[in-house]
Amino acid sequence: MSYFFYIFAPPGTFTYKRRTMKFIHFDNPHRQKHFALFNGMNHPHFGLSTHLDISVFLARLQSQNLAFTPTIVYLVCRAANAITEFRWRIRGEQVVEHELVHPSFTVPTEASTVFSFCYVDYRPEFSEFVAAYHAAVARMQQNPSMEDEAGRDDYLFLSAVPWVSFTSVQHAMPYHPGDSVPRIVWGKYFREGDRTQLPFSVQAHHAVVDGWHVGQYLQTLQALLDEFDFR
């Protein structure tokens, strides 16, 4: 358990640098078999690509003078934190559930033509998150980094490909050993009739996330795009 720092927490939970997690035990034998099957595969990840309707979302951004990227990063993370399985991570043969997961996303830099990773603590309060987002991006543009904090997996790996309206995505990632951090990417939005569509892809580890969970996630995110009150 070298990946934990123990701080006071309720029984059965652990805290890593004030980030609470708990072990998940599969009491259902079929669920345990499902986990063991996919966790033992050489390529246990699967991806789904779709389009999200952002017509209402774009109109609200314009009317409230909000920037696209920090706003969608916030909603992507809010939706992920609402789905329990998107907060599960595999540690060897065990599963932990994080209280919150946080975005690590790509940003352009002034130091090179390639991107930098940029991390922000997820905050439920929208205005607080956006302020933290802008501060983190400014730091990374001047001092780019390709490293996430060692020993942590309470991330969501996010990317944007604003030049391409893609139909599928395949991510570069380690497989031996692999990781169970979801990869989420969106592309260049486009008009389809009287609606605006955003290409959107989710890749997840099949031992902890099933297609049904991705479906729940996409439905939750679409509802936030349509209805969330940013004020």
A172-E93 pseudo-label distance in nm [points 7 Å out on the Cα-to-Cβ vector]: 3.4
Antiparallel DSSP beta bridges within region 111-231, as percent of all bridges there, nearest 5: 60
Nearest-ten-degree value, helix 211-227 long axis tilted from longest Cα axis of the chain: 40
q = 0.14, 0.15, 0.16, 0.17 Å⁻¹, region 13-227: log10 I(q)/I(0) [Debye, one scatterer per Cα]: -0.90, -1.04, -1.18, -1.32
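Run lengths n ≥ 4 of DSSP H only: what is the helix-derived mean residue ellipticity at 222 nm for the chain, with -39500 (n - 2.57) per run over all residues, to the nearest 500?
Working: 5 runs with 70 residues, N = 231.
Computed mean residue ellipticity for the chain: -10000 deg cm²/dmol.
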Folded to 0 to 90 degrees: helix 126-142 orientation relative to the chain principal axis, Cα: 90
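DSSP beta bridges in the chain, what fraction antiparallel, as a percent rounded to 5?
Details: 33 of 42 bridges.
Of all bridge pairs located within the chain, approximately 80 percent are antiparallel.
Working out 0.36 nm times the residue gap between D210 and L100, then minus their Cα-Cα distance, what length gain in nm do you get to one decimal?
On the way: separation 110, 0.36 × 110 = 39.60 nm, distance 1.96 nm.
Extending this stretch completely gives an extra 37.6 nm.
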Cα-based helix-to-principal-axis angle, 55-64 vs the chain, degrees rounded to 10: 70
Only Lys, Arg (+1) and Asp, Glu (-1) charged, at Cβ; the chain dipole about Cα centre in debye: 120
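All of the numbers you see were taken from the coordinates with simple rules; none came from a lab. On a predicted model such as this, the values are computed, not experimentally measured, just so you know. Neighbour counts run over all protein chains shown; Cβ positions are idealised from the backbone, glycine included.
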